[in-house]
Amino acid sequence: MSELKSGSNLEKVLKAGHFAFTGECGPPKGANVEHLKEKIAPLKGMVDAVNVTDNQTAVVRMSSWAASTIMCQEGVEPNFQMVCRDRNRLAIQSDILGVYAMGIRNMLCLSGDHQRFGNHPQSKNVYDIDSMQLIALVKQMRDEGTFMNGEAIDVPPRLFIGAASNPFADPFEFRVYRLAKKIEAGADFIQTQCIYNMEKFRQFIKRAVDMGLHEKCYILAGVTPMKSVGMATYMAKQVPGMDVPDSLIQRLRGAGKGKVAEEGIQFALEQIEEFKDMEGVAGVHLMAIEWEHRVPEIAERAGVLPRPVV
Amino acid sequence: MIVADRKPLKEILEMLKGYNRILVVGCKGCVSVCNVGGSKEVGILASILKIAGKKNGLNLKVDEKTLERQCDPEYVDLLKDMVDDYDVILSMACGVGPQFLSERYPESRCLPAVNTTFFGGAVQHGVWSERCAGCGTCVIHFFDGMCPIARCSKSLLNGPCGGSADGKCEISKDVDCIWDMIVRKKMEQGRLDDLLKFMPAKDWTTARDGGPRKSVREELVQ
């Protein structure tokens, strides 16, 4: 990690050894630019970069590249997400060139939720390449300056390459190896799935540290504050690969009427505090789902402000 | 084998509207084995059609014939003295059948009575499960005899996605996560290293993506 690979703000923050803090923003279900700008505004200065989701949960929204460019114009650094579900290798490579040309410098490579979950379950899925191959492809385009077929690229895209890791999906024993494989394929940073089961995450990160993975890649711990008991039970039962312990649901229930959201934030703050000192964790990825306006308060209370200027 | 399901009766009746002389043609190949289009099922469908006709005040002529296979011209040829007696030929073979019939008998109307679903096998009596996607370049030797192309909902080649839970796929608890099975078998047999290798992007030219396919065996071509 000697020279800058992309020159993105996120890369510079991490390279300088700061505890990174990233946010997330889902594009609108429409071309409502004003609405998007309203969601972006509270994130400015509060986080180092903001993930722009790509048809998340397989629901059609404004394209992640377009929303990312709007975010750039608004003075917030995007972390452009791309899933393998909706594009073949031609579209993937042309979109990578496109986003780089528009000034985007971070990219998160994902498989994508199956279309079964979304609002067009009848659609064909592409999966021409998988997320691992996507990571390797972005690295090849950046470091070798070639397309997947080996042809030279006229001005290669220099992107900071992100990948996701879900420590809570099965088979648990394999998860750290899959993380290692993503790092080997070219991931510069990792953002984990939302963490609620802290004990299991401690085990996971310890194995990653034992394997030296944290020295090859920056690992950002995923945090999503629970807004309600309903959200917690939904996540526990309905969202694939999510591990929400009963103890947390009980804790939220015990908070009493009107105080659940505050209890959810309190839990998130406790998590962030622990992550700050946890070996192997280089930052936090805050996914405040449809709660962008609460991010300044959470960032303030988490003691991560002001964000470093590097 | 090629697995199929019979089309809903309503759809078949809709297709047959206006035809009074119907020849139901079965196939003794795959569709017989998966109990959808053999002589027994041909008999059942023919009876149902006659009853449905009577209900509608029609005296339908419905006859039955089951060929050795519908994917070989020599067997399809056996219908040549019969087809002119019918308004329509209803094939109970996989999607190959009605096409071979149409090609051989261009003057006849040939309709499909089944939906062809996948390449698979019987996992228990009455239950068939997909095993192969016919991608044209088999990779199951890398995965201990299990195919993630056909059996992973995302056709992933580099391990299970984040939606794998309790051995099941994220799309449904009725779908096994093939990656869970692959990982467990490799672990049990001490060959996990196999899965740590990067599997490069697949060449799909041999799959349907490369266009309609043809297999030519020069030594057999006359």
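The values are calculated or read from the model by the stated rules, or taken from the named source; none is laboratory data. This structure is a prediction, so every number in the text was calculated from the model and none was measured. We place every Cβ from the backbone using ideal geometry, glycine too, and count neighbours over all the protein chains shown. Side chains are part of the model used for accessible areas, which takes the heavy atoms of the whole protein and leaves out ligands, DNA and RNA. Shrake-Rupley method; radii C 1.70, N 1.55, O 1.52, S 1.80 Å.
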Completion exercise
Within the range B:156-189, of all residues that are at the interface with chain A (Cβ under 9 Å from one of its Cβ atoms), touching a residue at least 24 places away in the same chain (Cβ under 8 Å) and within 18 Å of A:Asp113 (Cα to Cα), the one surrounded by the fewest Cβ atoms within 10 Å (Cβ to Cβ) is B:Leu157
Handout entry: Residue check for A:Val47: assigned to a loop (DSSP other than H, G, I, E, B), within 21 Å of A:Cys109 (Cα to Cα) and of a type outside the set (Phe, Trp, Tyr)
Key = yes
Fill in the blank from the handout: When every residue in the range A:200-230 that is in a helix (DSSP H, G or I) and without any contact (Cβ under 8 Å) to a residue 12 or more places away in the chain is compared, the one farthest from the other protein chains (Cβ to nearest Cβ) is A:Gly230
Completion exercise
Taking the range A:82-94 and keeping only residues that are buried (at least 20 other Cβ atoms within 10 Å of the Cβ) and away from every other protein chain (no Cβ under 14 Å), one is left with A:Met82
Fill in the blank from the handout: Only one of (1) touching a Phe, Trp or Tyr at 6+ places or on another chain (Cβ under 9 Å); (2) of a type in the set (A, V, I, L, M, F, W, C); (3) open to solvent by less than 10 Å² (accessible area, probe 1.4 Å) does not apply to A:Met102, and that is (3)
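Quick check on this structure: which one of B:Leu220, B:Leu192 is open to solvent by less than 40 Å² (accessible area, probe 1.4 Å) and either more than 29 Å from the chain's Cα centre (by Cα) or over 27 Å from A:Gln191 (Cβ atoms) (or both)?
B:Leu192
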Exercise for the section: Looking only at the range A:57-64, decide whether some residue is under 29 Å from A:Val309 (Cβ atoms) and open to solvent by less than 30 Å² (accessible area, probe 1.4 Å). Expected result: yes
Practice task
Pick out the one residue from A:Val239, A:Val229, A:Val223 that is aliphatic (A, V, I, L, M) and either closer than 24 Å to A:Val281 by Cα or open to solvent by less than 30 Å² (accessible area, probe 1.4 Å) (or both).
Solution key: A:Val223
Completion exercise
Residues in the range A:157-208 that are out of contact with any Pro (no Cβ under 8 Å at 6 or more places or on another chain) and aromatic (Phe, Trp, Tyr) total 5
Handout entry: Scope the range B:195-217; condition in a helix (DSSP H, G or I) and either open to solvent by 100 Å² or more (accessible area, probe 1.4 Å) or facing chain A (nearest Cβ under 8 Å) (or both); matching residues
Key = B:Leu195, B:Leu196, B:Trp204, B:Arg208, B:Asp209
Practice task
Working only within the range B:34-64, note down all residues that are aliphatic (A, V, I, L, M) and touching a strand residue (DSSP E or B) at 6+ places or on another chain (Cβ under 8 Å).
Solution key: B:Val36, B:Val42, B:Leu45, B:Ala46, B:Leu49, B:Leu60, B:Val62
Exercise for the section: For residues that are touching a strand residue (DSSP E or B) at 6+ places or on another chain (Cβ under 8 Å), small (Gly, Ala, Ser) and under 16 Å from A:Arg87 (Cβ atoms), tally how many sit in the range A:122-147. Expected result: 1
Exercise for the section: Please work out which one of (1) open to solvent by 70 Å² or more (accessible area, probe 1.4 Å); (2) under 30 Å from B:Gly190 (Cα atoms) is the condition B:Gly134 fails and give its number. Expected result: (1)
